[in-house]
Amino acid sequence: MSSNRLDHLGGSMVALVTPFTDGRVDEEAFLQLCERQIRAGSSALVPCGTTGEAPTLSHAEQIQIIGLAVRAARGRVPVIAGAGSNCTATTIELVRHAEMLGADAALCITPYYNRPSQEGLFRHFEAVQASTTLPIILYDVPKRTGITLELETIVRLAQLPNIAGLKDASGDMAKAGRVRYSVPPEFLRLCGDDDLVADHLALGSQGCISVIANVVPALCAALHQAWAAHEYRRTAQLAHQLAELNTALFVESNPVPVKWALARLGQIKGELRLPLTSLQACHEQQVQRALQAILPAEAQAAIGVERFAAVA
């Protein structure tokens with residue numbers, strides 16, 4: 001893997017929701033979400049992923065959203081654009097658009113539904129990375145796609161010039177441990193499961209692409225800052241503090257609960273696109289309770305992040 005725009009990247013990176021108003025992308029709300037994340041200490045913006053409802057977005061909307069994220073970032077943090085598909089040609093097209101829009105990297109999911117072999121996965125990502133100068137981050141999330149990137153395939157891909165890293169949402173900590181010692185040291189290893197972030201950090205991962213950071217960006221940033229400062233007790237305390245919210249925001253399929261929570265905070269209107277539907281009434285109390293419990297700590301953490309930024 002060659003050096004790239006993601007050198008030294010780490011910390012809390014937000015998997016952004018896509019706000020809708022009357023069925024259309026709410027540009028103003030999205031720009032405000034991005035600004036809030038940057039001010040709260042998120043180290044990268046990740047639009048058009050699972051949390052952004054990418055499967056329901058048209059290509060024109062993906063281009064629109066990635067462009068908005070680049071505009072909001074203004075070079076302050078990288079933009080890692082979700083640009084994956086189960087069609088190699090479509091993925092290449094989406095990555096090229098992300099590159100033209102000024103994204104810093106592309107996040108590409110393993111092809112879903114058609115369930116290729118490991119050789120098929122290798123050739124898919126080989127073709128994608130050969131089509132661009134953007135760093136490509138592999139996205140392994142078998143519970144969504146029905147296919148897993150095996151260790152041997154990850155190792156092969158890590159040797160290619162534009163394959164920059166892996167978002168690991170496999171839940172397989174044994175494999176995560178083996179990956180650590182099987183890829184080049186500059187290969188970016190990112191946690192994709194909020195509830196496993198402390199475990200991934202202990203295995204040497206550099207950061208997390210986070211869902212809950214949509215709601216509590218400052219606390220998520222503080223957790224990674226504590227780890228980087230070798231404050232391991234503080235890291236464990238923050239992980240424990242976030243546990244209730246983690247559970248609540250995955251009580252239904254992501255991003256249903258997180259969009260409900262953001263709507264309660266007045267950040268977005270909370271619209272979803274079919275086939276996703278609103279949070280079931282039986283889960284509202286659980287999410288609301290978790291929100292009420294965590295918001296004072298988030299406000300306090302935001303002050304700490306501002307102080308950290310001032311010192312840095």
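Within region 15-36, if we keep just the residues that are more than 17 Å from ALA263 (Cβ to Cβ) and touching a strand residue (DSSP E or B) at 6+ places or on another chain (Cβ under 7 Å), the residue that is surrounded by the most Cβ atoms within 10 Å (Cβ to Cβ) turns out to be ALA15.
Looking only at residues that are part of a loop (DSSP other than H, G, I, E, B) and surrounded by 15 or more Cβ atoms within 10 Å (Cβ to Cβ) in region 275-298, which one is farthest from the chain's Cα centre (by Cα)? Quick ask: steps written out before the conclusion?
Let us first name the residues in region 275-298 that are part of a loop (DSSP other than H, G, I, E, B), namely 275-280.
Now narrow it down to the ones that are surrounded by 15 or more Cβ atoms within 10 Å (Cβ to Cβ): 276, 279.
Working: LEU276: 19, LEU279: 21 Å.
Step by step, filter region 275-298, then rank; the result is LEU279.
Among the residues of region 172-209, those that are touching a residue at least 40 places away in the same chain (Cβ under 8 Å) and touching an Asp or Glu at 6+ places or on another chain (Cβ under 8 Å) comprise GLU186, LEU190, GLY192, CYS208. Could you tell me whether any residue of region 275-283 is within 20 Å of SER42 (Cα to Cα) and without any contact (Cβ under 8 Å) to a residue 60 or more places away in the chain? The answer is no; no qualifying residue exists.
The residues of region 142-160 that are crowded, with 22+ Cβ neighbours inside 10 Å and of a type in the set (Val, Ile, Thr), listed by number, are ILE147, ILE154.
When each of GLY165, GLY146 is tested for being of a type outside the set (D, E, K, R), closer than 26 Å to ASP194 by Cα and at pLDDT below 95, the lone residue that passes is GLY146.
Go over the candidates ALA243, ALA263 one by one and state the one that is part of a helix (DSSP H, G or I), of a type in the set (Gly, Ala, Ser) and out of contact with any helix residue (DSSP H, G or I) (no Cβ under 9 Å at 6 or more places or on another chain).
Numbers: ALA243 fails: out of contact with any helix residue (DSSP H, G or I) (no Cβ under 9 Å at 6 or more places or on another chain).
Step by step, each of ALA243, ALA263 is checked, and only ALA263 is part of a helix (DSSP H, G or I), of a type in the set (Gly, Ala, Ser) and out of contact with any helix residue (DSSP H, G or I) (no Cβ under 9 Å at 6 or more places or on another chain).
Among residues belonging to region 235-274 that are under 20 Å from the mean Cα position of the chain (by Cα) and basic (Lys, Arg), point out the one that is nearest to GLU298 (Cα to Cα). Step by step, filter region 235-274, then rank; the result is LYS259.
Scanning region 156-171 for residues that are free of Cβ contacts under 8 Å to residues at least 60 places away in the same chain and under 22 Å from the mean Cα position of the chain (by Cα) yields a count of 6. For THR153, indicate whether it is out of contact with any Lys or Arg (no Cβ under 7 Å at 6 or more places or on another chain), β-branched (Val, Ile, Thr) and modelled with pLDDT under 95. Criteria not met by THR153. Among the residues of region 226-272, the one identified as under 16 Å from GLN292 (Cβ atoms) and in contact with a Phe, Trp or Tyr (Cβ under 8 Å, 6 or more places away or on another chain) is PRO257.
Being over 23 Å from HIS224 (Cβ atoms) and under 17 Å from the mean Cα position of the chain (by Cα) is the filter here, so list the residues in region 15-30 that pass it.
First, pick out the residues of region 15-30 that are over 23 Å from HIS224 (Cβ atoms): 18-30.
If the condition is that a residue be over 23 Å from HIS224 (Cβ atoms) and under 17 Å from the mean Cα position of the chain (by Cα), then THR18, PRO19, PHE30 are the ones that fit.
Restricted to region 135-153, and to residues there that are in contact with a strand residue (DSSP E or B) (Cβ under 6 Å, 6 or more places away or on another chain) and free of Cβ contacts under 8 Å to residues at least 40 places away in the same chain, the residue that is nearest to GLU119 (Cα to Cα) is LEU149. Here GLY204 fits the description: of a type outside the set (A, V, I, L, M, F, W, C), touching a strand residue (DSSP E or B) at 6+ places or on another chain (Cβ under 9 Å) and at positive phi. Criterion applied to LYS167, LYS143 was being under 15 Å from ILE80 (Cβ atoms) and of a type in the set (D, E, K, R), and the one residue passing it is LYS167. Every listed requirement among (1) within 17 Å of ALA158 (Cβ to Cβ); (2) in contact with an Asp or Glu (Cβ under 6 Å, 6 or more places away or on another chain); (3) of a type outside the set (Phe, Trp, Tyr) is met by VAL79 save one, (1).
The values are calculated or read from the model by the stated rules, or taken from the named source; none is laboratory data. Keep in mind the model is a prediction, meaning the values are calculated, not measured. As a convention, Cβ positions derive from the backbone with ideal geometry for all residues, glycine included, and neighbour counts pool all protein chains shown.
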